[in-house]
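Peer 1: Below is a structure I'd like to ask you about.
The values are calculated or read from the model by the stated rules, or taken from the named source; none is laboratory data. Every value quoted in this text rests on a predicted model; they were computed, and no experiment measured them. Counting neighbours? That spans all protein chains shown, and the Cβs are built from the backbone with ideal geometry, glycine included. Just so you know, the surface numbers come from the protein's heavy atoms only, side chains and all, with ligands and any DNA or RNA stripped out. Shrake-Rupley method; radii C 1.70, N 1.55, O 1.52, S 1.80 Å.
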Amino acid sequence: MKMDKKIIIANWKMNPNSLKEAKTIFNDIKVVASKLQSIQTVICPPFLYLNELTKSYKGHRIKFGAQNIFWEEKGSYTGEISPIMLKNLKTEYVIIGHSERRSLGETDSDINKKIKIALKNDLKVVLCIGEKERDEEGVYLEFLENQIKNALNRVPKESLGKILIAYEPIWAIGAESKETATPLDVYEIVILVRKILSKIYNREVASKIQVLYGGSVNFKNAKELVESGNVEGLLVGRESLNPEKFNKLLKAVSE
Ligand code: PGA
């Protein structure tokens, strides 16, 4: 389904080093993001900065997201952050299953539990999927299908409106990546994601879900990835820490 607004999610990962820097980056992005009516900007800072940033922001155009969540609501879970805590900080979105967390040991079953608790607490879920590499036999397509099936195991179709799927091929993420996915690569996966969702749920659900792309998105390739890749938005890492470039990216997609 074509949404009116494109959604651009800034994943700051474990950056920047201080709240002061976080505020500066946020304030610089705010100037542009709060003016663009056709873009929904979502900022996902480290947990530590969420409180201050959400408190200091008086507008309504920019939304906030977390980069992770725990699958219980409260209790003896040293070091974890609950969905209720996030909700209380005016957080609307949560990224779940990012490949960097999967590589730290997060399993499909953890991701499934996190999705369910996030939905229960009325958070919007940005579910990340993505293959490590592509092969000619198409094994990676099966891999993606399993990621989706396992993540959404027993997630009712009524909840799908609160889930966004971000296709982030690992080979295209981060400074080390030598390649960016082409819009055609992205387009093919968008079709695949909708096919898989049609199989699990039905065509109507599948056509409504928002699919995003992430992996080495910058202000130069953003617009084409959205338009020719046929995605409803982007998940942006490095470029979102540079307000000048990120603002250019927002403007490019909004045009
Ligand atoms: P990148 O990261 O834009 O720095 O490649 C994207 C992501 O991991 O979400």
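Peer 1: Amide H to amide H, which residues 5 or more places from T41 or on other chains are under 5 Å from it, using H placed in the peptide plane?
Peer 2: I8, K63
Peer 1: Which FRET efficiency, nearest 0.05, do N146 and E92 yield, Cβ-Cβ r, R0 25 Å?
Peer 2: Values: r = 29 Å, r/R0 = 1.14.
For N146 and E92, the calculated efficiency is 0.30.
Peer 1: How big is the charge dipole of the chain about its Cα centre, in debye rounded to the nearest 20, if each Lys and Arg gets +1 on its Cβ and each Asp and Glu gets -1 on its Cβ? Don't skip to the answer; put the middle values down first.
Peer 2: On the way: 40 positive and 33 negative charges, 249 e Å.
Rounded to the nearest 20 debye, it is 1200 debye.
Peer 1: Of the accessible area of the chain, with the probe set at 1.4 angstrom, what percent is carbon plus sulfur? Before the final figure, lay out each step's value.
Peer 2: Values: 6400 of 12530 Å².
Carbon plus sulfur share of accessible area: 51 percent.
Peer 1: Find out how many positive minus negative residues lie around N202, taking Lys and Arg as positive, Asp and Glu as negative, among other residues whose Cβ is under 13 Å from that of N202.
Peer 2: Working: positive: K157, R194, K195, K199, R203, K208; negative: E158, E204.
Once all neighbours under 13 Å are counted, the net charge is +4.
Peer 1: Another one. Roughly speaking, what is the stretch gain from E204 to N17, that is 0.36 nm per residue apart minus the C-alpha to C-alpha distance, in nm to one decimal?
Peer 2: On the way: separation 187, 0.36 × 187 = 67.32 nm, distance 4.38 nm.
This chain segment gains 62.9 nm when fully extended.
Peer 1: Something else now. May I ask you to give the solvent-accessible area per residue for the range 74-136, in square angstrom, as obtained with a 1.4 angstrom probe?
Peer 2: Details: 3300 Å² over 63 residues.
Accessible area per residue: 52 Å².
Peer 1: While we're looking at this one, here's another question. Where the centre of each part is set by its Cα atoms, how far does the range 79-133 sit from the range 156-214, in angstrom?
Peer 2: Centre-to-centre distance over Cα atoms comes out at 16 Å.
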